[in-house]
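Q: Can you keep this structure in mind? I'll have questions shortly.
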Amino acid sequence: MCGRIAITLPTDAMAQMFAAMPANNLPNVPNYNVCPTTDIHVVMAAEGQRQLVKMRWGFLPHWYKTPTDGPLLINARAETIAEKPAFRTACRTRRCIVPVSGFYEWTKDEAGKRWPWYIHSDEPLALASIWQDWGQGEETHRTCAVVTTGANETISQIHHRMPVILAERDWGKWLGEEGHGAAPLMTAAPEDLLSFYAVDPKVNSNRASGPELIEPFD
């Protein structure tokens, strides 16, 4: 799964990277410990152009009566996304991209202690995602989930799943700008794209913050 991310790129750099028009209400960055239900930067295609907007990380199906009415859907499995009632329409018509600097995964030692790892690349990562508008009465949210797939050999050393990471040449296809045919993009990243190293276990707390969270830890 992908359950914690880091976003360190400035808003204007994200907008320039994707040639997207930024909204006025975007979250503050950098954020080295982005947790589910947090508002994050998301790239979507609308009204004939790319837009950089705010969405709640945690997909809310339209039948939820409240944001906590069912499971917290932060990820959507590539293998079943087209059949799951919560995701099947969004995966065809409401695809988006979450720009991140890296993401975290955890391993457990023999004593059961969780050890965090920071996974990153030389460039920002574009995570394939889907979105959904949700509302009940006056409460409304634009929400999203990150698409995941089976891990490549590199990442399988620490976890069996990984987010789908889009190459720049595939952004338009995923966003629906180039017609149909996005399904083949939902595969594991090339083996040489990502690196990882251990980081301080204090990131285990969703209250932890600061750039030291992504620094190597011995």
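The values are calculated or read from the model by the stated rules, or taken from the named source; none is laboratory data. The structure displayed is predicted, hence computed values, not measured ones. Cβ atoms come from the backbone with ideal geometry, glycine included; neighbour counts cover every protein chain shown. Please note that ligands, DNA and RNA were not included when accessible areas were found on the heavy atoms of the full protein model with its side chains. Shrake-Rupley method; radii C 1.70, N 1.55, O 1.52, S 1.80 Å.
Q: Mind checking the per residue accessible area of region 98-150 for me, 1.4 Å probe, whole number of Å²?
A: In whole numbers, region 98-150 has 43 Å² accessible per residue.
Q: Expressed as a rounded percentage, what relative contact order does the chain have, with Cα pairs under 8 Å and six or more residues apart?
A: Answer for the chain is 21 percent.
Q: Would you please classify the overall shape of region 137-189 from the alpha carbon gyration tensor, given that a ≥ b ≥ c denote the square roots of the eigenvalues, rounded means a/c under 1.5, and beyond that prolate means a/b larger than b/c while oblate covers the rest?
A: Because a/c hits 1.5 or more and a/b fails to exceed b/c, region 137-189 counts as oblate.
Q: Can I ask one more? From the Cα gyration tensor of region 25-118, with a ≥ b ≥ c the square roots of its eigenvalues, which class applies: rounded if a/c is under 1.5, or else prolate if a/b is larger than b/c, or else oblate?
A: Oblate.
Q: Once the convex hull of the C-alpha atoms of the chain is built, how many Å³ does it hold per residue, rounded to a whole number?
A: 134 Å³
Q: What is the extension gain from Arg94 to Lys202, computed as 0.36 nm multiplied by their sequence separation minus the C-alpha to C-alpha distance, in nm to one decimal?
A: 35.3 nm
Q: Place the peptides 144-153, 182-191, 158-167 in order of packing, highest mean first, counting for every residue the other Cβ atoms within 10 Å and averaging per peptide.
A: Taking the mean over residues of other Cβ atoms within 10 Å, the ranking is 144-153, 158-167, 182-191.
Q: So which chymotrypsin sites (Phe, Trp or Tyr not before Pro) in region 1-103 are both in a DSSP loop and have at most 15 other Cβ atoms within 10 Å of their Cβ?
A: Trp63
Q: Multiplying the sequence separation of Glu215 and Ala46 by 0.36 nm and subtracting their Cα-Cα distance, what value in nm do you get?
A: Here the segment from Glu215 to Ala46 would lengthen by 57.1 nm.
Q: If you don't mind, there's one more thing I want to ask. What GluC sites (Glu not before Pro) does region 53-140 have in DSSP loop regions with at most 12 other beta carbons within 10 Å?
A: Glu79, Glu83, Glu110, Glu138
Q: How large is the convex hull of the Cα atoms of region 66-150 per residue, expressed in Å³ as a whole number?
A: Spread over its residues, the Cα hull of region 66-150 gives 147 Å³ apiece.
Q: Can you tell me how much longer the chain between Asp122 and Ala82 gets when fully stretched, taken as 0.36 nm per residue apart minus their C-alpha distance, in nm with one decimal?
A: Length gained, Asp122 through Ala82: 11.2 nm.
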